[in-house]
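What follows is calculated from the coordinates using simple rules that are stated; it is not laboratory data. The structure displayed is predicted, hence computed values, not measured ones. Note that each Cβ is placed from the backbone with ideal geometry, even for glycine, and that neighbours are counted across all protein chains shown.
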Amino acid sequence: MSEHQAILFIISVIVITLLIWVGFGMFMDAHRSSQRDDFLSAMNDIGASAAGFRARPKVLGGGGGEYIGFSIPRPLTVIDAGPIFAVVEPKRIILVGHSNRGYGTVSAVVNHAGTIEDIRLEGEFQ
């Protein structure tokens, strides 16, 4: 192998290593973004379910105008991104999702109309 070929080989190895490193970084950014979106989507679904519960009369198993007694539907308590917890108050629900990959937390409030507001991203989700 000539000196010229050796230099080209070394440069090629360095470039390929850098490209792999950049690609891995891009993958991790996409994964983090996907987890954040999964939490927000699940929280929107929980909000819709909570609005239905709140609107249903108490005699029919609903909240009769309040969220007291609401619990997160079982399929939404633990999603691929991680678990979601709820603090239920009469006029609002505070939702907190913790990343199972250690990226941080996503929190939101379900208001009296069942829509998500006051979204907060912590940790690497910011």
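Scan the range 7-30 and tell me whether some residue there is surrounded by 14 or more Cβ atoms within 10 Å (Cβ to Cβ) and either small (G, A, S) or at negative phi (or both).
no
Six or more apart or on different chains, Cβ under 9 Å: which pairs go from a residue in the range 17-32 that's part of a helix (DSSP H, G or I) to one that's acidic (D, E) and surrounded by 10 or more Cβ atoms within 10 Å (Cβ to Cβ)? Could you list them?
Once the first residue is part of a helix (DSSP H, G or I) and sits in the range 17-32, its partners that are acidic (D, E) and surrounded by 10 or more Cβ atoms within 10 Å (Cβ to Cβ) give R32/E124.
Of everything in the range 73-126, what is in a strand (DSSP E or B), within 12 Å of the chain's Cα centre (by Cα) and among the aliphatic types (A, V, I, L, M)? Give them in sequence order.
V78, I79, I84, L95, V96, V106, A108, I119, L121
If you take the residues in the range 34-72 that are basic (K, R) and assigned to a helix (DSSP H, G or I), which one is farthest from the chain's Cα centre (by Cα)? Write out each step before concluding.
The initial filter retains those residues of the range 34-72 that are basic (K, R), namely 36, 54, 56, 58.
Narrowing the set further to residues that are assigned to a helix (DSSP H, G or I) leaves 36, 54, 58.
Values: R36: 3, R54: 24, K58: 31 Å.
Applying the filter and picking the extreme gives K58.
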